[in-house]
Amino acid sequence: MAFNRRKFINIAALGSGAMALTGNLFGREGNQNKFDTLPSIINSLQPMTDGVVPITVDERKQRIAKAQELMAKAQLDGIFMEGTTACYYFTGMRWGQSERTFGVVIPAKGAIAYICPKFEEDRARELLLPVFGDEVRCWEEHESPYSLIAGVIKDRGVKHHRIGMEERVRFFIVDGVKKAAMGFEIVDATPITAGCRMIKSKAEIALMQKASDVTIEAYKAAFATIKPGMSQSELGANISAAFRKLGYSGGASVQVGKYSALPHGSITPQTIKEGDIVMVDGGTSCEGYASDITRSICVGKPSQRQIDVWNLEKAAQDAAFAAAKIGATCESVDSAARKVIESNGFAKGYKLPGLPHRTGHGIGLEGHEWTNFVKGNLTKIAPGMCFSDEPTISIPGEFGIRLEDCLYISEDGPHFFSKQSVSIEQPFG
């Protein structure tokens, strides 16, 4: 579970130009003064940007080749995606979405091609990597881009008369291609794109490990500043500052007391008091690869009830981890965590007090991506998959406890990216 960090990037890893831009945004003197006023434990943090190895061109080539293999099995002639995360995954290009159609066609055979508004062609050519294909088909403002999408696929060779659309492609584009590509069936390309992205390489897992390590260090420093009378916004600012000192953009949501029972929190301003549960949920990204970690603690001495619920949450998280075996279904992991909580007197299903949401989600270039630990998901767990493990216990009007650590599946089973919390008083392993 996480706040929106989809566009966070590792500023320090981008080099001096990006750092200069960051300085311009804040103002050099203002930025320095901002750090000078930070708690000393945060101000003393040093960058953790060493050892970051970006995804290589060869790996992106392998991704395109795998997508083409999957297209052949799914009997697709090609797929289209806008300039979203999937585009970045395959091509290394970041673009975004606007009312003007931009995207990339990956045909079942042959080189990829970009679809671009004519007046933005120069920018597109600056961003694309020619090694994957340098064809850019452009449309003028009064023209339709949809026939260009169909045209790329037709020109590469048609066998099945089926075009796949990545899940983030908007309806007006799907509808436009459907009308322009008469005789073609328009289908969901998720089996292709998610089929590639769900299985992470060693390089991807290494980047996620780095993002996780950075998150834990930021949390450790910020948690040391927690005290009664502190506002949630002050703690949130300390967390964000800790990420910046470590060389990353990142942050977290902070929920206090009864608001910790709301899985995604409340907009109500909150102040930390002695005896409150404080739930912190967030992370950063490294070369685009996300972390997502939640810690729940008590400020001061916890009550026995708080300890008991925290320990039960830990047991549920452990049960989910133990169930995440190669070949097991994703729904069995959710069931294992839920069984622990429900067998100890909490409500069944998604009713409260209890576990109101799935036990975990996929994670990678996006904080939430395919596939999920949820009832009904019969997807088999396989090496390379990555998930969060976060079976929240929510008690409305009282408090909530969530422990979230992400895991990856290796050839020998599941491994956590981060060390689990030890106790309600010891949030870091």
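Counting just the residues of region 148-171 that are out of contact with any strand residue (DSSP E or B) (no Cβ under 8 Å at 6 or more places or on another chain) and more than 12 Å from PHE184 (Cα to Cα), which one comes out surrounded by the most Cβ atoms within 10 Å (Cβ to Cβ)?
Among residues in region 148-171 that are out of contact with any strand residue (DSSP E or B) (no Cβ under 8 Å at 6 or more places or on another chain) and more than 12 Å from PHE184 (Cα to Cα), the one surrounded by the most Cβ atoms within 10 Å (Cβ to Cβ) is ASP155.
Whether any residue in region 79-88 is within 21 Å of SER144 (Cβ to Cβ), open to solvent by 40 Å² or more (accessible area, probe 1.4 Å) and touching a helix residue (DSSP H, G or I) at 6+ places or on another chain (Cβ under 7 Å) is what I want to check.
For region 79-88, residues within 21 Å of SER144 (Cβ to Cβ), open to solvent by 40 Å² or more (accessible area, probe 1.4 Å) and touching a helix residue (DSSP H, G or I) at 6+ places or on another chain (Cβ under 7 Å): absent.
Kindly indicate which of PRO427, PRO383 is under 23 Å from ALA290 (Cα atoms), in contact with a Phe, Trp or Tyr (Cβ under 7 Å, 6 or more places away or on another chain) and open to solvent by 10 Å² or more (accessible area, probe 1.4 Å). Spell out the reasoning first.
Values: PRO383 fails: in contact with a Phe, Trp or Tyr (Cβ under 7 Å, 6 or more places away or on another chain).
Sole residue among the options that is under 23 Å from ALA290 (Cα atoms), in contact with a Phe, Trp or Tyr (Cβ under 7 Å, 6 or more places away or on another chain) and open to solvent by 10 Å² or more (accessible area, probe 1.4 Å): PRO427.
Do you know which residues across region 225-279 are of a type in the set (D, E, K, R) and within 30 Å of GLN46 (Cα to Cα)?
LYS227, GLU234, ARG244, LYS245
Yes/no per residue for (1) under 16 Å from the mean Cα position of the chain (by Cα); (2) open to solvent by less than 10 Å² (accessible area, probe 1.4 Å); (3) over 20 Å from LEU38 (Cβ atoms):
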| position | (1), (2), (3) |
| --- | --- |
| SER233 | no, no, no |
| ASN238 | no, no, no |
| SER260 | no, yes, yes |
| HIS264 | yes, no, yes |
| ILE267 | no, no, yes |
| GLN304 | no, no, yes |
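Looking only at residues in region 211-222 that are open to solvent by 20 Å² or more (accessible area, probe 1.4 Å) and of a type outside the set (Lys, Arg), which one is farthest from CYS406 (Cα to Cα)?
This residue is GLU217.
Taking ASP318 as the residue in question, decide whether it is within 30 Å of ILE205 (Cα to Cα), of a type in the set (Asp, Glu) and open to solvent by 10 Å² or more (accessible area, probe 1.4 Å).
yes
When you go through (1) surrounded by fewer than 23 Cβ atoms within 10 Å (Cβ to Cβ); (2) of a type in the set (Asp, Glu); (3) in contact (Cβ under 8 Å) with a residue 24 or more places away in the chain one by one for GLU404, which number turns out not to apply?
For GLU404, the exception is condition (1).
Give me the pairs: first residue in region 163-192 and on the phi > 0 side of the Ramachandran plot, second residue modelled with pLDDT of 95 or more, beta-carbon distance under 8 Å, and six or more apart or on different chains, which are they?
GLY183/HIS161
Could you check how many residues of region 138-160 are touching a residue at least 40 places away in the same chain (Cβ under 8 Å) and in contact with a Pro (Cβ under 6 Å, 6 or more places away or on another chain)?
2
The values are calculated or read from the model by the stated rules, or taken from the named source; none is laboratory data. Since we're looking at a predicted model, the values are computed, not measured. Backbone-built Cβ (ideal geometry, glycine too); neighbour counts: all protein chains shown. With ligands, DNA and RNA removed, areas are computed over all heavy atoms of the protein, side chains included. Shrake-Rupley method; radii C 1.70, N 1.55, O 1.52, S 1.80 Å.
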